[in-house]
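Scroll down for the structure; my scribbles are underneath it.
The values are calculated or read from the model by the stated rules, or taken from the named source; none is laboratory data. Because the structure is a prediction, the values reported are computed rather than measured. When we count neighbours, we look across all protein chains shown, and the Cβ atoms used for this are built from the backbone with ideal geometry, even at glycine. For accessibility, only protein heavy atoms count, side chains too; no ligands or nucleic acids. Shrake-Rupley method; radii C 1.70, N 1.55, O 1.52, S 1.80 Å.
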Amino acid sequence: MTSFAKLNDGILSYAPATKDNVLGYNLASNQAQLLKDGYKPVIKLENREKYTDCEGTYLFHFEELEDKIIEVATYQPYSYAFLRRNAYPDMADLCDAFVKINSNNDALKAEGEKQLSAYVQTCLDIKNKYPKA
């Protein structure tokens, strides 16, 4: 079903269902009058769910063309800080490594040093994957 609207400052104003005692004013069967009154057909994106990305998001807005109004998806990448924050390992792993390193147990200390080294390497890998922009 075709919808008709006007676009004012990025906000769609759909044609009313009734105008001047005309019931069904907003229907496609009344397209000639709608166009004459400044309304344009609205073309929405199909299947918005396909607009997904793990490193960004899509914002949806409408743009007015000469003969229609179309919905547009604009990709917005997440900041490096957001991506890093969500990729870094859990701080509990770091704390656990420090506890082991500071224990009086040689086996735990060695395990903690290995755990700390792996934690730091993971963080460095993430910094390389998501460099400062």
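Assorted remarks:
- Helix-only [θ]222 nm of the chain, DSSP H runs n ≥ 4, -39500 (n - 2.57) each, per residue, nearest 500: -11500 deg cm²/dmol
- Full-stretch length increase - C54, Y88 - with 0.36 nm per residue and alpha-carbon distance subtracted: 10.7 nm
- As a calculated quantity, the FRET efficiency between L45 and S79 at R0 = 22 Å, using C-beta atoms, amounts to about 0.30.
- Most mobile listed residue (L12, L23, L83) in the chain, GNM with C-alpha springs under 10 Å: L23
- Solvent-accessible area assigned to carbon and sulfur over the chain amounts to 52 percent, based on a 1.4 Å probe.
- Counting only alpha carbon atoms, the long axis of helix 106-129 and the longest principal axis of the chain meet at about 30°.
- Counting every C-alpha pair in the chain, the share spaced more than 17 angstrom apart comes to 72%.
- What the Cβ-Cβ distance of E64 and N21 gives, at R0 = 41 Å and to the nearest 0.05, is a FRET efficiency of 0.90.
- Shape of region 83-133, Cα gyration tensor, a/c cut at 1.5: prolate
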